1. State whether the residues of the range B:191-210 include one that is at the interface with chain A (Cβ under 8 Å from one of its Cβ atoms), crowded, with 22+ Cβ neighbours inside 10 Å and free of Cβ contacts under 8 Å to residues at least 24 places away in the same chain.
2. Evaluate the range A:273-286: report whether one residue or more is outside any loop (DSSP other than H, G, I, E, B) and under 30 Å from A:VAL206 (Cβ atoms).
3. Is it fair to say A:ARG174 is within 13 Å of another protein chain (Cβ to nearest Cβ), surrounded by 24 or more Cβ atoms within 10 Å (Cβ to Cβ), within 24 Å of C:GLY252 (Cβ to Cβ) and out of contact with any His (no Cβ under 7 Å at 6 or more places or on another chain)?
4. With the checklist (1) more than 18 Å from the chain's Cα centre (by Cα); (2) modelled with pLDDT under 95; (3) buried (at least 22 other Cβ atoms within 10 Å of the Cβ) in hand, flag the one item A:VAL311 doesn't pass.
5. Out of A:GLY287, A:GLY283, which single residue is more than 26 Å from A:ASN324 (Cα to Cα), in contact (Cβ under 8 Å) with a residue 24 or more places away in the chain, surrounded by fewer than 17 Cβ atoms within 10 Å (Cβ to Cβ) and assigned by TED's automatic domain parsing to the domain that holds A:THR25?
6. Just the residues that are out of contact with any Gly (no Cβ under 8 Å at 6 or more places or on another chain), modelled with pLDDT of 90 or more, closer than 29 Å to A:LEU91 by Cα and of a type outside the set (Asp, Glu), please, taken from the range A:203-239.
7. Looking at A:VAL120, A:VAL181, which one is more than 13 Å from chain C (Cβ to nearest Cβ) and β-branched (Val, Ile, Thr)?
8. Would you say C:LEU141 is within 14 Å of chain B (Cβ to nearest Cβ), in contact (Cβ under 8 Å) with a residue 40 or more places away in the chain and in contact with a Ser or Thr (Cβ under 6 Å, 6 or more places away or on another chain)?
Amino acid sequence: MKIYPILTTAAALAVAAGGAVSAQTLEEVRERGHLNCGVSPGVTGFSNPDDEGNWSGFDVEVCRAVAAAVLEDADAVRYTPLSNTERFTALQSGEIDMLSRTTTRTLNRDTALGLNFAPVMFYDGQGFMVRQDMGVSSVLELDGATVCTSAGSTTELNLADYFEANGMSYEPVRFDRADEVLAAYDAGRCDVYTSDRSGLAARRLVMTNPAEHVMLPETISKEPLAPAVRHGDDQWFDIVTWTVYALIEAEEYGVTQGNVDEMANSENPNIARMLGAEGSPVGEWIGLDNKWVHRAIAAVGNYGEIFERHVGPNTPLEIERGMNALHTNGGLQYAMPFK
Amino acid sequence: MTDTLTPPPLKAPSTVIGPLDWIRKNLFPDWRQGLLTIVVLWLLVRTVPPLIDWLFLDAAWAGDRDDCVAASGACWAFVNARWGQFIYGFYPVEHRWRVDLSMLTLVASIAVLFLPRVAHKGWIITGSFVALPVICFALLHGGPIGLEIVPTDRWGGFMLTLVVAVAGMLGALPIGILLALGRRSQMPAIRIFCVTFIELFRAVPLITVLFMASVMLPLFMPQGFSMDKLLRALIGVALFNGALMAEVVRGGLQAIPKGQFEAATASGMGYWKMMIFVVLPQALRTVIPGLVNTYVAIIKDTTLVLIIGLFDLLGIVQAGIASSDWLAPSVTTSGYVFAGFGFWALCFSLSRYSMYLEGKLNTGRQR
Amino acid sequence: MPVSRDLGPMAAPKPAFWTRSRIRSVLVQFGFVVLLVLLIQFLLANTMQNLARQGIASGFGFLENRAGFDIAIAFLDFDRNGTYLDAFWTAIVNTLVLATLGIALATLLGFMIGLARVSPNWLISRLAAVYIETFRNIPLLLQLFFWYFAILRPLPGPRQSFDVAGTVFLSNRGLYMPKPLLDSGAQLALLALVVGLIFALFMARSARRHRAATGNSVAVAHWWLIGLVGLPVLTWFATGASVEMSIPSLQGFNFRGGMVILPEMLAALLGLSIYIAAAVGEIVRSGIQGIDHGQTEAAQAMGHTRGQIMRYVVIPQAMRIIIPPLTTQYQSLAKNTSLASAIAFPEIISIIAGTTLTQTGQAMETIALAMLFYLTVSLFIAAVMNFFNWRVMRRSF
C-alpha cells in the first residue's frame, strides 16, 4: 500500500509526459511525434554527439531515414546512447523503437533475445590494433598478450574462440563502456585492442597519438552490423527493413539527395514506383503514404552518399567500400526489388 | 560541540604560554612524538610544493589540448572549455536561463531553512519543499506553462546531479517516514511488508536497484507503457534511499517517550493526527543530523547513474576526457580532480551543516 | 492509509475480543494484502506477457551452457569452456576475496587513522582529520576511476618495468612477485605454522586466564616465537629445506610465472579500503572519545603508559561503541565492491549483470542472482558481527 500510490503516481506522470500509447509501434511513434532510437554512446563516424548534444553519423542516418519516412521529419528523433549491456533490454522493454548501434546479427540475438534484424548496413569483421613499436605483424604472434575489449559483445566471444582454435593464451581486460576500453588501452593497460574494424578505425582517431597504432591484417570474424527492432511487430519490422533497402536501391538507380525530386518523375518505371509516382502502391503496401521513400532519400541521401559522408575514404576514418560496395561493383550490398 | 575537530569540550585551564610552548607541547611532547613530527614534516615538504606546482603554477589555464600536453601541470583549459557542458549537460544554450532559475529556486528553498524563528516556520518549509519540485520540473522540462519542452535526454552535468540528488532527497523522506511508521505498526501484515522492504533494499547495492529500474521495470509494465529513463532512475534512487532513511527515522521514533503517545491518545487524537502533530515533529527533529548524513550519501551515490547511461557531472567529465579533442594524460587527472572537488565541496558543506545542527539541537536540550 | 489507532502495550485491557479498532485493523490489513497480491500479480502478468510476446525464454537453464569468455582475475580455475554457472562461482569468489581483503585493509588503515586522530601530536591529528574529510566526501566511483588511471598512467610498460633484484616487477600489467612452489616439505612447514599458531593462541589464552585469576602476568612472547617461527623453520629444515620459487620472467608480451596483482585488483582494493577507512577512522575516534575521561585518568594514576591505557583500558571499552557502526561500514564495503565493475574488476555485476546478461539476454534471472548474492553476504556479515558484539559485551568488567 506504500508502494502502490508511488507507482500509480509515477505511472500517471509518465503517461502525462510521454503520452498514452497503443500497442503498435507505428501508432506509438506517430502519436508520440518522435522516434526513439538507440545508438552507441560516441563512436566517431557512426554515432557521436557534438558539444550541444546533436547526434550525427552512419548509424544515426538510419534513424533519420526512418523518421523521415514515418513522421515526415528527419529531425523528429530522440537518441538514447546505450552501452552493450543495456542495448537489448532497452529494445525489449520498449524504451526505444529501433536499435541502430553497430550491432552484429547473430542466431542467438535473432531468436533467444527477441530481436528482428533489418538488412545489414555495414559488413564488418573483428580486427586487432597494437602499438607500432611492438613489432607485431600478425594476430598469431599475440600469444600471452593482454587484450582490451568491451563486455557483452560478440567480440569477446570471437576472441576466446580464435585464441582457443590457435592454441594461444591471452589475458582479457573487459569494460562495459567503449570509452573506458579506449582509455585503458591508451593508458598502456593492454597490448591489444580488439573490436570491429570500423570501430577500431574510429577509435584510433581519438588516441593520444594515432600514428603510434597499427591495425593487424587478420579479420577473425564476420560482423554484419544491422539495425534491429523487437520481435512481434511485423509492420514496424517491414518499415525499418525496407527503409534500409530503399537507401541501397537508390544508390543502384543513381537516385541521390540532390536529384531525388527530378528522379521522382523518371521514365524508369522502377524508380518512379519506388519514389511514389502517381498510382504507385509502395505506400499502401507498407502502411505509409506514397512518398515515404522519397522523403527518406531527400533527408539522408542514398547508401553510397551516407557511406562517403561519414566513414568513407575522404573522412578521417578512411574506410574503403570493400564488402560494402553494391553487388554490381563486386560488394555485398543488394537490395530486394521494390515491386 | 560545533566542531568535532576539537576534542572534549571541557578542558582544564590552559597551561600553555606562547607559541614556542605550544609547539613543544603539541608537536614534541616526547622524543618519539618529536621524531614522528619531523618525519611527517619532511614528507609534507616533499609532497605539498610539487602538488601546488601541478595544481596551479605549472597548469595550463586556457587553450586547447596542445597547450595542456606542453604544460607539465594540470589541464584547467579542459575544464574551461567544457564548463558549459559540465554545468548544463546538453541543455540548449538559449534555454540555460531556466536551469539557472531552477538553481536559484533551490537555493531560496534552502535559505528558508535558515529563517529565524517565525510563526508557522514548519509549514513554510514543508510548503516550499513541496513547491520546489513542481516549479523546477515545470521550468526544466517545460510544457504546461508555455515553455518549449526540453526532453530529459538533454539534461546532464552538474544540473542532472542536482536533479537526481534533490529528487532523491525529497522522494526518499516520505517513503522513509511511511516505512518507519509501518515497521512500528501493530498490524503484522504491514509490519512484515515494511521490514522485508527495508531489509531487502538495505542489503543490496544501489547499482542493482538502478539496473532493476533501467532494465527490468519496463518489463514489469504493460505493453506500450513507456516511462522516462531519468524518471525510472529517480524512482530507484528514492526507493533505495527511502529504505535507508526509514532506519534513521525509526531511531527518532524510538526516542519519543511513551508518555507522548499516551497523552495524544488520551486527548482523543487519531493515529495520523497523533503522528503528524505530536510524534513526527519531535522524532524528525532529533534525527536531522542523521538525515543530513543520508543526504550526503545520496549526493555521492548520484554518480552511479552514469553506469545506466545518464550523464551526471562525473559522467559528462568522463565523456569529455574520452573525446577526441582532449585525450591526454593530464586531462584525465584534471577532469577527475575537478569533479572530485565539485562533489567534495557539496558534501563537505552539507556534513558541516549537519554538525552545526547537531550542536544547535544539543544546546537546546542542555538547558 | 489508516493504520490502527490501537497502540497495543499502552491500550487498556479490552472488554471484548472483537472491538471496533481490532476489526478495523484486520480489515485494513486484509485490504493491504489484497492490494499487494493484486499488484504483484499485475506485474508478473505483464512480465510474462512481455517475455512471451518477444519469444524470450525464462528460467535458469542458461546456467548450464558454455560461457565462451575468459576472466582475467580468477581465484578459481575458470576458462572459456566452463559454464555460466562456473563463471558465476568465479565471480562470487572474486567478489568475496576483494571484500575480505578490503575489510582487512580498511580496518587496519581505519584504526590507524582513528588513533592518529586522537593523538596528542597536533600535526598527526590534523593530517588524520584532513584524510577523513577528504576521502569520505568524494564519491567512491570517482575515487576508483582516479586510482585506476592514476596507477595505470605513470607505470611503464612490461619491458621497462621497475624491478627489485629481478624477482619483483611492477609495470602497468600489474605487480608480479615470486610464488613459492609448495613441495611436500614446504607444505609440512605451512602445516607446522598453523599448529604453532594454535599452540601460541592457546598459551596466550591460558596466560590471560592465569592473570585474571591471580593478577600475575605471565610472559607469552617466547611462546609466540616458538609457535610462529621455531616450529615451522624446524620442520622446513627437517624436510630438506628446499627453496623452489616460481619467479616471474618476461616472455613475449608479458610476465609468466610467479603470482600477480593486476592493476584492476590493486585499484579496486586501494579505492575501497581508503574510502571505507575514512569512515572507520571517524567511528574509532568517536568510540575512543566516548570513553569517560575518568577511566584514562584512573589508569594514569595507576602508572600505566599511554600505550597500555589505550590497549587495556580504552580500546576494549570503545569496541562496544565501535562494533555496531563498524558492521554497517563492512556491509557497505561488501556492497560497494559492485562499483569495481566500472574499472574492469571481474566481480558479480561485471560477470553476471554485465557479460552473462548480454550474452544470454536473461535480464531478470541474472539481476535476481546478483541481488540474492548481495543479500546473503549482507546477512552473513551481520551475523558474524553480531557474534563479535556478543563476545565483546559478554566480557564485561
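The values are calculated or read from the model by the stated rules, or taken from the named source; none is laboratory data. Here the structure is a predicted model, which means the values were calculated and not measured. When we count neighbours, we look across all protein chains shown, and the Cβ atoms used for this are built from the backbone with ideal geometry, even at glycine.
1. Yes: one or more hits.
2. Checking the range A:273-286: not a single residue is outside any loop (DSSP other than H, G, I, E, B) and under 30 Å from A:VAL206 (Cβ atoms).
3. yes
4. (1)
5. Only one candidate qualifies: A:GLY287.
6. If the condition is that a residue be out of contact with any Gly (no Cβ under 8 Å at 6 or more places or on another chain), modelled with pLDDT of 90 or more, closer than 29 Å to A:LEU91 by Cα and of a type outside the set (Asp, Glu), then A:PRO224, A:LEU225, A:ALA226, A:PRO227, A:ALA228, A:VAL229, A:TRP236, A:PHE237 are the ones that fit.
7. A:VAL120
8. Yes, satisfied.
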